[in-house]
Structure formats: C-alpha cells, structure tokens
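The values are calculated or read from the model by the stated rules, or taken from the named source; none is laboratory data. It should be emphasised that the depicted structure is a prediction, and the values quoted were computed from it without experimental measurement. Quick reminder, even Gly has a Cβ in these numbers, built from the backbone with ideal geometry, and neighbours come from all protein chains shown. SASA here: full protein model, heavy atoms, side chains in, ligands and nucleic acids out. Shrake-Rupley method; radii C 1.70, N 1.55, O 1.52, S 1.80 Å.
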Amino acid sequence: MGFISKNDFYKALFGFAQKHELIKQTKTFEVENGVLVMTPDQAKQFGAKMKAEAKAMQTPEAMAAAKAKGAEFVQGKLTADMQKNPKMSDAQKQKLTKKYAAEFQKQVKAQSMAQLSQKVAAEMNLK
C-alpha cells in the first residue's frame, strides 16, 4: 500500500464537494469619445433607419443641387490647374476632371454619412 500524504487526502475528501462552474463573468470595454455604443438590436435598427433616411434624402432637387456643386468644385480645381499649366492638353483636362469628380463624390459621401449617422443616433438617443 502506498503512502498518501495529508494534502492528497484532503484534496480527495473535499474535491468531491467543490463545484467548478462559472457564476458570473464581466467584461469591460473602453471606447473612445465620439464612437457610438449600441447593442446588436440597436445596430439593426440603426442600419434600417440609415437606409430609410438616405433614401428620403435622395430627392431630385437634392441630386440636382449636388450635381451643380460638383460641377462648380471640378471647374474651380480645373481652372486652378490650368493657371499653373496653360498648355494643358484635352486628355490631361479630361483625366483631371474625372479625378476631381471622384474626389468630390468621396467628400460628399463622407460628409453625408457623418451627418446622417449623427441625425439617426440623436433620434435613437445613442451616445
């Protein structure tokens, strides 16, 4: 018969009575200022409201105004480039026009998404 230490004896004796189950687990996340914090259900509602608001904002009048602002933006940039290089070819002008149109679209999209998300977040009382 082998030698059983006192420690092993108590481990065996009290090991049956111990339950190894998790009672509670807590996770803490730190979020930067300006970042929306929401539950998964709120995120679904937020996405649905964003789509609805975006669709409502795409009226013919708003699209025409955006097109006019875009043309003005492109023309202003192109004029500044033509002053720097008066001998610019038509191919160069077309290339720059496409570049500035894409730049304007990117700016407008970012701006409208920021405004739209702030509006929807305010409606949903998100912080």
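What to note about this one:
- Spin-label pair GLN118/THR79, simplified geometry with 7 Å Cα→Cβ offset, distance in nm: 2.9 nm
- Cα convex hull of region 31-99 - mean projected area over all directions, nm²: 8.2 nm²
- Stretch gain in nm, segment VAL37-LYS87, where the contour uses 0.36 nm per residue and the Cα spacing is subtracted: 12.6 nm
- Computed with a 1.4 Å probe on the full set of protein chains, the accessible area for PHE46 sits at about 30 Å².
- Candidate aspartates and glutamates - alpha carbon under 18 Å from LYS106, same-chain residues fewer than 8 apart omitted: GLU72
- LYS119 accessible area, 1.4 Å probe, all protein chains in place, Å² to nearest 10: 100 Å²
- Take every pair of alpha-carbon atoms less than 8 Å apart whose residues are at least six positions apart; their mean separation over the length of the chain yields a relative contact order of 40 percent.
- Kirkwood hydrodynamic radius of region 67-127, Cα pairs, Å: 13.5 Å
- With every protein chain in place and a 1.4 angstrom probe, the accessible-area ranking of TYR10, TYR100, largest first, reads TYR10, TYR100.
- ALA62/ALA101 FRET efficiency (R0 30 Å; Cβ-Cβ; nearest 0.05): 0.95
- Average accessible surface area per residue within the chain, 1.4 Å rolling probe, Å²: 90 Å²
- Ellipsoid equivalent to the chain - semi-axes via the Cα gyration tensor, in Å: 65, 23, 11
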